[in-house]
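Shown next, in structure tokens, is the structure this report addresses.
The values are calculated or read from the model by the stated rules, or taken from the named source; none is laboratory data. Everything numeric here is computed off the predicted structure, so don't read it as measured data. Here the Cβ is made from the backbone with ideal geometry for all residues, glycine too, and neighbour counts use every protein chain on show.
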Amino acid sequence: MQNNLKRFNLLPIILCLFLYSCENSDENFTQLQLKNTEVEHLVLAKNARLQKKTIIKRGQGMFQALKQVSIGNKLSLRIINALRDKIEFSKLKVGDKLVATFDGNMKLISFSFSNLPAERHIITVNEVSNDFSYSFKEEQTVWKTRILAGELKQSSTLQDDLVATGLKRSVVAEIINVLLCKVNFRLNARMGDKYKILLNERFYNGEILDSKILYTSYRGVRAGSSEAYFYNDGSANSTYTAHYTEEGEALIRSGLRYPVDRLHIRSGYGYRRHPVTGRRKMHRGVDLRARSGSAVYSVARGVVLESSYNKFGGNKVSIRHADRSISYYLHLKNRLVKKGDRVRSHQVIGRVGATGRVTGPHLHFGFKKSNGRWMNPMNKRMIATPKLKGKRFANLSLQIEQTKSILQDLEFNKLGRYVFAARPNNS
Ligand SMILES: [Zn+2]
């Protein structure tokens, strides 16, 4: 009995080995291979499995990438919906990795997506019910801190100097943006101005996955001196996580307040192709994921232009602001303002809901410029609060203390090494 079972189990292994060994010679089999897509065969104890891998290429969306690993439209739609709250598809990058694993009948067993080399979002398909289950796997990574310090030379700019150190352009842009609130580089940058940046970088296999700018300072004869500290508000996607001065002032000069407390874009602004019908449709706003019932804030002070219900937008509020721009808030669970009301900036005007034609609770947030044209609201500068107060300010102060002690340690170490190196040989 036992022996029979064993023999039975061996058969697929042999079959599988056969497939594996003729990967390069068997014409029929290589047809499965798609252009630019790596196909791998795994020999597992019980079943033949086929693994297909690809990466996001320039100009490619999730649907095209899924097609490259032989996942059809219907399944693609299910996968995208299942991952929508975990991954911001509007932020796909070239090089993001997809791996699909199939059984011998080309039925999907599991799918994984990585937008960071050390992280995998995994969907496992239940063999019987075909239901999806989601899991997240993270490899061990290391965070390291380092200081970048220097001074401006003749005819150099801070931006050029930072790019020359090998920092990613997006990190450089963030540093410049933080400093721009306090320093007018065009007018006041001078040769000899000093800068110091404290970075916290996440490493995996010698590669930097993520950079946080913990501290920036700039000192110049004309520019004066300014410092900014990174504040982590704790919860994921919190709009309060940003750079502030030691006094808790946000380092954005002016801007709209965020309409929700956490920012997670489910669906971006612009043309999008319907996954099933293939029709192109303009999405005049962004869909922000938020829990049903969470607060929706007015992004600036203004007058309520409409507060009404219709079967598409559900409960809808729009607000006209001082410069005649208009902000729109759709699918609300309830509306807390009525037409003609004056609202303050960051006033709660309703709650996130799923009214109208939607698949789940979210806030559709739209913005019309003063000339009446729609624009991507995410292109507006946004600010959680002009100044941190209360518990948040206390947390900022704590985090600033930590940042200062990291700075001191790093500077002390540098000094220590210098002293050691300069010490005479006989000591
Ligand atoms: Zn929408």
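General remarks:
- Contact map, the stretch 209-221: first residue among the aromatic types (Phe, Trp, Tyr), second residue outside any strand (DSSP E or B) and crowded, with 17+ Cβ neighbours inside 10 Å, Cβ cut-off under 6 Å, separation 6 or more or different chains; pairs are Tyr215/Thr403; Tyr218/Leu179; Tyr218/Val183.
- Qualifying positions in the stretch 358-375 - in contact (Cβ under 8 Å) with a residue 12 or more places away in the chain, more than 11 Å from the ligand (Cβ to nearest atom) and farther than 23 Å from Ser325 by Cα: Pro361
- Of all the numbered requirements in (1) within 27 Å of Ala242 (Cα to Cα); (2) within 14 Å of the ligand (Cβ to nearest atom); (3) surrounded by fewer than 18 Cβ atoms within 10 Å (Cβ to Cβ), Tyr271 misses one, and that requirement is (1).
- Unmet criterion (only one of (1) out of contact with any Phe, Trp or Tyr (no Cβ under 8 Å at 6 or more places or on another chain); (2) part of a helix (DSSP H, G or I); (3) surrounded by 11 or more Cβ atoms within 10 Å (Cβ to Cβ); (4) modelled with pLDDT under 90) for Ser170: (3)
- Verdict on His346 being farther than 30 Å from Ile71 by Cα and within 14 Å of the ligand (Cβ to nearest atom): no
Per-residue answers, yes or no, for (1) closer than 30 Å to Leu410 by Cβ; (2) touching a strand residue (DSSP E or B) at 6+ places or on another chain (Cβ under 8 Å):
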{"site": "Glu88", "(1), (2)": "no, yes"}
{"site": "Asn105", "(1), (2)": "no, no"}
{"site": "Ala118", "(1), (2)": "yes, yes"}
{"site": "Ile123", "(1), (2)": "no, yes"}
{"site": "Tyr134", "(1), (2)": "no, yes"}
{"site": "Glu138", "(1), (2)": "yes, yes"}
{"site": "Lys144", "(1), (2)": "yes, yes"}
{"site": "Ala149", "(1), (2)": "yes, yes"}
{"site": "Gln154", "(1), (2)": "yes, no"}
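- Unique match (being in a loop (DSSP other than H, G, I, E, B) and at pLDDT below 90) among Arg190, Arg186: Arg190
- Filtered residues of the stretch 276-291 (kept if in contact (Cβ under 8 Å) with a residue 60 or more places away in the chain and within 16 Å of the ligand (Cβ to nearest atom)): Arg284, Gly285, Val286, Asp287, Leu288, Arg289, Ala290
- Entirely in the stretch 78-165, the strands (runs of 3 or more DSSP E) that have 1 or more residues that are more than 24 Å from the chain's Cα centre (by Cα) and of a type outside the set (A, V, I, L, M, F, W, C): 97-103, 142-151
- So Asp341, is it within 12 Å of the ligand (Cβ to nearest atom), of a type in the set (D, E, K, R) and in contact with a strand residue (DSSP E or B) (Cβ under 7 Å, 6 or more places away or on another chain): no
- Among the candidates Ser135, Ser76, Ser90, Ser70, residue that is within 22 Å of Arg266 (Cα to Cα), of a type in the set (S, T, N, Q) and buried (at least 18 other Cβ atoms within 10 Å of the Cβ): Ser76
- Lone unmet requirement of (1) under 30 Å from Gly234 (Cβ atoms); (2) surrounded by 14 or more Cβ atoms within 10 Å (Cβ to Cβ) for Asn379: (2)
- Output for the stretch 48-60, where each listed residue is surrounded by fewer than 16 Cβ atoms within 10 Å (Cβ to Cβ) and in contact (Cβ under 8 Å) with a residue 12 or more places away in the chain: Lys57, Arg58
- Test result for Ser217, part of a strand (DSSP E or B) and within 16 Å of the ligand (Cβ to nearest atom): no
- His331 passes every criterion in (1) in contact with a Ser or Thr (Cβ under 9 Å, 6 or more places away or on another chain); (2) modelled with pLDDT under 95 apart from (2).
- Out of Gly353, Gly340, sole residue that is touching a His at 6+ places or on another chain (Cβ under 8 Å), modelled with pLDDT of 95 or more and not in a strand (DSSP E or B): Gly353
- The stretch 236-261: number of residues that are on the phi > 0 side of the Ramachandran plot and without any contact (Cβ under 8 Å) to a residue 60 or more places away in the chain: 1
- Index of the failed condition, Phe312 passing every other in (1) in a loop (DSSP other than H, G, I, E, B); (2) assigned by TED's automatic domain parsing to the domain that holds Tyr218: (2)
- Test for Leu336: is it away from the ligand (no atom under 16 Å from the Cβ) and surrounded by 16 or more Cβ atoms within 10 Å (Cβ to Cβ): yes
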